[in-house]
Amino acid sequence: MNTPAIPHILILGGTADARALASLIHRKFRDGIRLTTSLAGRTKSPAGLAGVVRTGGFGGVPGLIEYVRAEDVSALIDATHPFAANISAHAHDVAEKTGIARLMIKRPRWPLPEALDVRRVTDMAAAAQQLAKTTSQRVLLTTGTQNLEAFADIPDTWFLVRQIENHEASLPMSNADTVIQKPPFTLESEKALMIEYAVDTLVTKESGGRATEAKLAAAAELGIRTVMIERPEMPAGDHVSSPEEALVWLQGCLGLNT
Ligand code: NAP
């Protein structure tokens, strides 16, 4: 008699939610499942993860299809960042083409403080246009280090670019400094940063998540205007808002006994 194969769960990661989910799955099922988290490879020293870690792009939709077939993946959990739109679209297409079960973890949006002076924009270029239209002179950029070229040609504006780790790449803006800080951030630490650098404007993606939420309360308290880049549209499909809910979905989906 053939022994049934152990289910193989693939988490598309790069977020705290993905790490928390890997840990929950590992604690619950131990050797009863195979668990792999996939990272894009942007972070030089990613935090430890339960299960196996694979790193680097798959090579678009065809590459991801090849991977899930070769590795006999039973379910795919897209726990990537809300702004990682390409890999989420690929996961959607792969599920459509292969019939593999797929779930997205969609981080809840931040509740905005009532006093926050916030302008919503659709992308980095629109955020740069917004800055050029205002009296912003000292800008805290918390959008990560990708696509900063949009801010390269804004005259009379100084930028403080917050990075999680030192990328050692030169910034496209001529008038900019870098600060390296890892979340979670507190209201006090965010206010201290904004006061120390005399920040008058905050630029942020609408990422959501508790670890980076304090900047909004700090900006509201200090009267710092905020330019908020809205999330890209996510593909259709099953979604939950937390790793705990994803674990419940997984148990139902694979009929796993606890
Ligand atoms: P993206 O634009 O959606 O993806 C670009 C390409 O990177 C994808 O086509 C894929 O390459 C590869 N890729 C992305 N995520 C991957 C993963 N988890 N495993 C394997 N390959 C992956 O993604 P991004 O915005 O550059 O983000 C990259 C990673 O950083 C994601 O894991 C995301 O969760 C994390 N992250 C992103 C942000 C953000 O603001 N965008 C913030 C924090 C963390 P192939 O087409 O070759 O498969």
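The values are calculated or read from the model by the stated rules, or taken from the named source; none is laboratory data. In this text, all values refer to a predicted model and were calculated from it rather than measured experimentally. Don't worry about glycine lacking a Cβ; one is built from the backbone with ideal geometry, like all the others, and counts go over all protein chains shown.
Of note:
- Residue match in the range 190-197 (condition: more than 27 Å from Glu165 (Cβ to Cβ) and at pLDDT 95 or above): no
- For the range 212-258, a residue qualifies if it is buried (at least 16 other Cβ atoms within 10 Å of the Cβ), among the β-branched types (Val, Ile, Thr) and part of a helix (DSSP H, G or I), and exactly one does: Thr212.
- Given (1) free of Cβ contacts under 8 Å to residues at least 60 places away in the same chain; (2) hydrophobic (A, V, I, L, M, F, W, C); (3) part of a strand (DSSP E or B), index of the condition Leu103 fails: (1)
- Within the range 70-84, the set of residues being more than 9 Å from the ligand (Cβ to nearest atom) and not in a strand (DSSP E or B) comprises Ala70, Glu71, Asp72, Val73, Ser74.
- Test: Arg34 is away from the ligand (no atom under 16 Å from the Cβ) and crowded, with 17+ Cβ neighbours inside 10 Å: yes
- Residue in the range 127-143 that is modelled with pLDDT under 95, of a type in the set (D, E, K, R) and within 21 Å of Glu230 (Cα to Cα) present: yes
- For the range 99-115, the set of residues classified as within 22 Å of Ala40 (Cα to Cα) and within 15 Å of the ligand (Cβ to nearest atom) consists of Arg102, Leu103, Met104, Ile105, Lys106, Arg107, listed by residue number.
- Just one of the listed residues (Ile11, Ile87, Ile25) is in a helix (DSSP H, G or I), among the β-branched types (Val, Ile, Thr) and within 11 Å of the ligand (Cβ to nearest atom), and it is Ile87.
- Considering the range 133-161, the residues that are without any contact (Cβ under 8 Å) to a residue 24 or more places away in the chain and outside any loop (DSSP other than H, G, I, E, B) include one that is surrounded by the most Cβ atoms within 10 Å (Cβ to Cβ), namely Phe159.
- Residue within the range 235-256 that is more than 30 Å from His8 (Cβ to Cβ) and over 21 Å from the mean Cα position of the chain (by Cα) present: no
- Check on Ala127, surrounded by 19 or more Cβ atoms within 10 Å (Cβ to Cβ) and over 30 Å from Leu202 (Cα atoms): no
- Members of the range 40-69 found to be within 12 Å of the ligand (Cβ to nearest atom), surrounded by fewer than 16 Cβ atoms within 10 Å (Cβ to Cβ) and assigned to a helix (DSSP H, G or I), listed by number: Gly60, Pro62, Gly63, Glu66
- The conditions of being within 16 Å of the ligand (Cβ to nearest atom), within 30 Å of Leu222 (Cα to Cα) and modelled with pLDDT of 95 or more are not met by His92.
- Of everything listed in (1) in a strand (DSSP E or B); (2) farther than 22 Å from Thr55 by Cβ; (3) hydrophobic (A, V, I, L, M, F, W, C), the single unmet condition for Trp110 is (1).
- Taken as a whole, the range 139-155 holds at least one residue that is touching a Pro at 6+ places or on another chain (Cβ under 6 Å), over 30 Å from Leu10 (Cα atoms) and within 16 Å of the ligand (Cβ to nearest atom).
- Taking residues in the range 49-64 that are closer than 24 Å to Arg19 by Cβ, and partners anywhere that are more than 6 Å from the ligand (Cβ to nearest atom) and of a type in the set (Gly, Ala, Ser), the pairs with Cβ atoms closer than 7 Å and at least 6 places apart or on different chains are Leu49/Ala22; Ala50/Ala22; Ala50/Ser23; Gly51/Ala22; Thr55/Gly41; Gly56/Gly41.
- The range 30-58, subset in contact with a strand residue (DSSP E or B) (Cβ under 8 Å, 6 or more places away or on another chain) and farther than 22 Å from Ser88 by Cβ, residue modelled with the highest pLDDT: Arg34
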